[in-house]
1. Test each condition in (1) among the aliphatic types (A, V, I, L, M); (2) in contact with a strand residue (DSSP E or B) (Cβ under 9 Å, 6 or more places away or on another chain); (3) part of a helix (DSSP H, G or I) for B:Leu426 and report the one that comes out false.
2. Within region A:256-263, is there a residue that is in a loop (DSSP other than H, G, I, E, B) and either closer than 25 Å to A:Ala351 by Cβ or within 12 Å of chain B (Cβ to nearest Cβ) (or both)?
3. Give A:Pro585, A:Pro625 a once-over and let me know the one that is more than 29 Å from A:Glu498 (Cβ to Cβ), surrounded by 18 or more Cβ atoms within 10 Å (Cβ to Cβ) and not assigned by TED's automatic domain parsing to the domain that holds A:Lys370.
4. Filter region B:309-335 for residues that are part of a loop (DSSP other than H, G, I, E, B) and under 18 Å from B:Gly370 (Cβ atoms); which is farthest from the chain's Cα centre (by Cα)?
5. Going by the structure shown, is B:Lys245 closer than 30 Å to B:Leu101 by Cβ, basic (Lys, Arg) and surrounded by fewer than 24 Cβ atoms within 10 Å (Cβ to Cβ)?
6. Taking only region A:1-25 into account, find how many residues are more than 7 Å from chain B (Cβ to nearest Cβ), modelled with pLDDT under 90 and not in a strand (DSSP E or B).
7. Name every residue in region B:107-119 that is more than 10 Å from chain A (Cβ to nearest Cβ) and either touching an Asp or Glu at 6+ places or on another chain (Cβ under 7 Å) or in a strand (DSSP E or B) (or both), in order of residue number.
8. Of all residues in region A:38-56, which are closer than 13 Å to A:Thr68 by Cβ, more than 7 Å from every other protein chain (Cβ to nearest Cβ) and out of contact with any Pro (no Cβ under 8 Å at 6 or more places or on another chain)?
Amino acid sequence: MLTAPAMTFREWTGPLTADLVREPAKFGLGQVPSRLLPDATTKAVCGFCSTGCGLNIHLKDGAAINLTPDPDYPVNLGTACPKGWEALSVLDAPDRAKMPLLHGKEVDWDTALRYFCDQMKRSLDQHGPEAAAFLSTGQIMFEEMAFLGALAKFGMGMIHGDGNTRQCMATAVTAYKESFGFDAPPFTYADFEESDVLVFIGANPCIAHPIMWQRVLRNQRQPEIIVVDPRTTETAMAATQHHAIKPKSDLTLLYGLAHLLIRDGGVDQSFVEDHTSGFEAFAAFVAAFTPERVSAETGLSAEQLMRFANALMRRTNFQVRSGGNELGSSFYDKPRVSFWWTMGVNQSHQATRTAQAIINLALMTGNIGKPGTGANSITGQCNAMGSRLFSNTTNLLGGHDFKNPRHREKISLATGIPVGRIPDRPSLAYDQIIQAADAGTVKAIWFVATNPSHSWIDQNEMNRVLNKLDFLVVQDMYCTTETAKRAHLVLPAAGWGEKEGCFINSERRIGYSPKVRRAPGQALADFHIFRLIAHYWGCEDLFRNWQTPESAFRMLQRCSEGQPCEITGIEGYEMIRKRGGVQWPAKMTNDEWRMTNERRLFEDGRFFTADKRARFCFDEPVAAPEQRCDEFPFILMTGRGTSAQWHTETRTGKSAVLSKMMPEDLMLDLNPADAAKLGVLDGQGVRVISKRAELTALARLTGCVKPGEVYLPMHDSRVNQLTHASFDPHSRQPSYKHSAVRVEAV
Amino acid sequence: MIRDMERTISTGGGSVVSILEATLREQQTLRTPVALFSEEYDARSVRERFSHLIPLSKPNPGEQLAFQVNLDACTGCKACVAACHSLNGLDEDESWRDIGLLVGTRKQPYLQTVTSACHHCEDPACSNGCPVLAYDKDPITGIVRHLDDQCIGCSYCILKCPYDVPKFNLKRGIVRKCDMCQGRLTEGEAPACVQACPNEAIKIQVVKLSDVPDRGQIIAGAFDSSYTRPTTTYVSSKTVPEAAKPADAGRLDLDHGHVPLAWMLVLTQMSAGGFLGAALAPLSLNEVAVTSAVALFFGLIGIALSVLHLGQPLKAWRAFLGWKKSWLSREIIAFGALPGGGVAIAVAWWLGDLSLLRLAVVGTALAALGAVACSVMVYVDTRRAFWSLAQTGGKFFGTTLLLGASLCAVVWSWCGVAELPCAIALAVALRWFVSVWEISGYRDALSDESCAWHKSARIMEKYLSSALELRGLLFVMTGLLIPVLIAAGAPMPWMLTISLLLTFSSQLIERHYFFTACHCPKMPGN
């Protein structure tokens, strides 16, 4: 753009300067760019991760033009990570799916829907109700997710359906169910601020949940922060204790800590006696986990173990504040300990027992149901928690059991679906559905807002199976995902911001997100797509009550009645918006929840099991199935790259600003000692080879990974070609963090 | 198959279309503002929320505003980068904050995110280098502001800034950079990045100019502070390990090529060399005139080509404004003397006065050499290792003499000037001298890790080996093959013309990687 000079020596203003002029906006926003001056604002909950931050959406003529974090939302208190800041820009990507694609060619919706119904019916009619399955997601609203599960199972007659939450949260679900009697993460984010000791196991919140880390840094109690992670992560750097254990030796470590707590009098006897069952057997079991054994298996010294265990029993770094007030040190002797875990635990070959070993520590020290305590699973996706309760996959709507006839009756009454249409058995898990597809029993799969061609473990195997399917449908915002490219039919979906509904975040908070953008082309909200499919399938009568997300929400409220996750007290979307989200439970019959907006579970010590006692669950640790060998001498761990990247990057990859925040190339973290042996220089190209595949990356030499261990971020589509497919036997969650590889200089 | 299916589904056509259309219409309908938000006005204002992160009063004399980053609180979320982009309405991939990573060593694992924007230096190199005074350091706040409408898009500030702060905006043809959200601060609001940090790691403070460090680095991996006296401070309760290095320290990347500048430099240097030949050789009136006319011709092409380098060429007439501090401004003024010299030479030739002509040619030659000296200083003044005085001076004056001698040889051979053998001998000798100097310097830099431009040598080895090989070939042809052919009786004027073209090409390639292999200093990257 050429501009003519003004006839002065210096131009202090002009059109180019005007491009960047800011002016005061209303709505408490402060200055904003003049060209992005809003005429109104509204609030939404972010649609990336499970933190569930509130965002102020700036509107012009009813459409979103910009956003800022919401200072009044109890989750994020006015801040957001870069993904949240960029939530609108990824909607404008050129590769948005705008029309249905049948074998790669654009068709109208009528053709697409007829084809969809014909193919699905053909599979189900010819091969029975197990021949078609759906795989959904924690990325869409839970009203939509429930509609999908209900439509597929009650309307179309499928048996099998699961979600990509299997890849992130299945372990926490299974662990909580068995230990607490219900999938009930007990915490509220205020617990980050109220702990004396925070233990992070297999979690890197600095990068993966930065806004939760904000709450940790707001803790005024000078907390001990203990991080268990084989890598020196950003969170480990910020910790007061970092225990870099050998990969996947976490279960042994946790049993070893239980051993030390029992030996040294760290058990809260009265809590254990009054509120738990199975402690004696557990105590007998961990007697074998002596410090010597644990030290040998985890690589931590006996002193390190003692330091860790002591921190759980006694405040070690307490200093009297506010001018030496006289509360006395004994008042503080027993620290409030909260335990936090995420993918490092959940994605393991013995994940459920590891999560339960964490729960056991919280139970035996009485660290549950009190401020700053809890065995707390940090969830992954924005609606993973909604998926866990309302996706109608492994659980019947509202955390019910397909096998229980009374539950089927209840859901039939709540939804108006004839009870005969509700299957009496739960679905296969994700990996089992894929196995069934390989075996030929599943012929058609409908993927909604998920990208397994990239994200599934041992990806080449997954893609081989997908290629065998008679019918592969992908419903997604983007037509360029690795999975969409393989699909016979692509249904174009509207994204976050282009539709309304609710997410449930990690702390059980239901948050609302409105429609503030027009979807591109003929992309439709998933909710609309399900309504149309019900119509084309000829089962719309069953779904008369599912006219809008809010009417579906009301029905799900009825489904939740009498459950731990009951939300019958919520008056509607307006209430959720005004209150800054509502945590479950929120019962109509009990008003206590209205008093405060940050609540935790189990304050009365009564759990959701039949005897109201929490259970100690445990098993002997076993070695990870793929170990190092001469040919593959390194352990490959995978995980988050940067805070700007999300999963397979179908969205975050579309933002130019987010792209600036990550390395341009795939970087392999490699210890300098290993690099010296391999003759690899910093920044040099390397080949990473597993039994399954190989890829090239650039080496980043860092002491943050130990010798013999390497790390790759999961966002590059090649990384999961390397990973070894093993699964937790209880949760069926894939173990992404332990594969044997070889590294060679290119 | 679709037709088959249509037969199998027996839905009433009319109702199908209507529900589809209704759904598509509903999808495109946004709710009215009134329905979307009712009373969500007047949340606590931005001013109240961040007032503790900015100074309450203006800096006193001898003080200025500065960023302070608490490394302990910065844990790598990068929200500051996104917020700078969004709250300032920047272009798609534009943000004035950048994020990098420091990593430790084998013995000392270390990981620290480093956020950086403009350091609003006490002695801003960008501003000192700007030929048109498009930078303004506010006398009260010390904020280094870029005047977007004054900028001619010459990119020299990009070369001058050792922190890679000013960024070229291709769409607008100018540079843009952080202004510390000056307008927000005036209103008592915090800058976008300060507002965005979840952990309040960034704040604005008042610093005493006497406390601004004039040596060392503001953080590991940053350029020596003596150059610009950057005002940002990084604070931490932990000490950053001595050996911590940027995560991208191992990266070898090609820099921007600046093609018009490479042509301009080589052509103007050849021109200066030609004038020098015309001034020094005992030539006749017409011989002086022809030699200097050819030199002038190439010089003017070079100057004209340099305009292609500008994003806003129509504003380039202001380029003299920065002469007090900017070597680029001085270079432009010095080259401005060439057309004047050309006129003087033409007049003297027309008058037929050899001594007057000599005076004009000597004067023009001196101006041209002065301009080449300014060109040298333009790059030396960036303090980049690859552009040291020895390197740049050697290359620029080497090119001046080499191409000057070659050009004179060509002109004189076609005109039958008696001094031709001197020119040829000088050209061949210079070819050997310059090439041997360059090759030995490159080899030393490549093998010696402590050499200041070792990294540039590695970039050349990695990306530019074919260019180096081609130059080697050109050296053999111009330094050996062609002289042998001439000695063997090949037609001299043609051989010399080819030799000039090849030598010119060789110097042009050298000038190209003078830019691309430079390896610009910057803050730690990813």
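The values are calculated or read from the model by the stated rules, or taken from the named source; none is laboratory data. Since we're looking at a predicted model, the values are computed, not measured. Cβ coordinates were reconstructed from backbone atoms using ideal geometry, including for glycine residues, and neighbour counts include every protein chain displayed.
1. So B:Leu426 meets the others, but not (2).
2. Kept after step one, since they are in a loop (DSSP other than H, G, I, E, B), are these residues of region A:256-263: none.
No, the conditions are met nowhere in region A:256-263.
3. Every option except A:Pro585 fails the conditions.
4. B:Lys324
5. Details: closer than 30 Å to B:Leu101 by Cβ: yes; basic (Lys, Arg): yes; surrounded by fewer than 24 Cβ atoms within 10 Å (Cβ to Cβ): yes.
Spelling it out, B:Lys245 is indeed closer than 30 Å to B:Leu101 by Cβ, basic (Lys, Arg) and surrounded by fewer than 24 Cβ atoms within 10 Å (Cβ to Cβ).
6. Of the residues in region A:1-25, 3 are more than 7 Å from chain B (Cβ to nearest Cβ), modelled with pLDDT under 90 and not in a strand (DSSP E or B).
7. Those that are more than 10 Å from chain A (Cβ to nearest Cβ) and either touching an Asp or Glu at 6+ places or on another chain (Cβ under 7 Å) or in a strand (DSSP E or B) (or both): B:Val114, B:Thr115, B:Ser116.
8. Just the residues of region A:38-56 that are closer than 13 Å to A:Thr68 by Cβ, to begin with: A:38, A:41-44, A:46, A:53-56.
Okay, now just the ones that are also more than 7 Å from every other protein chain (Cβ to nearest Cβ), so A:38, A:44, A:46, A:53-56.
Across region A:38-56, the qualifying residues are A:Pro38, A:Cys46.
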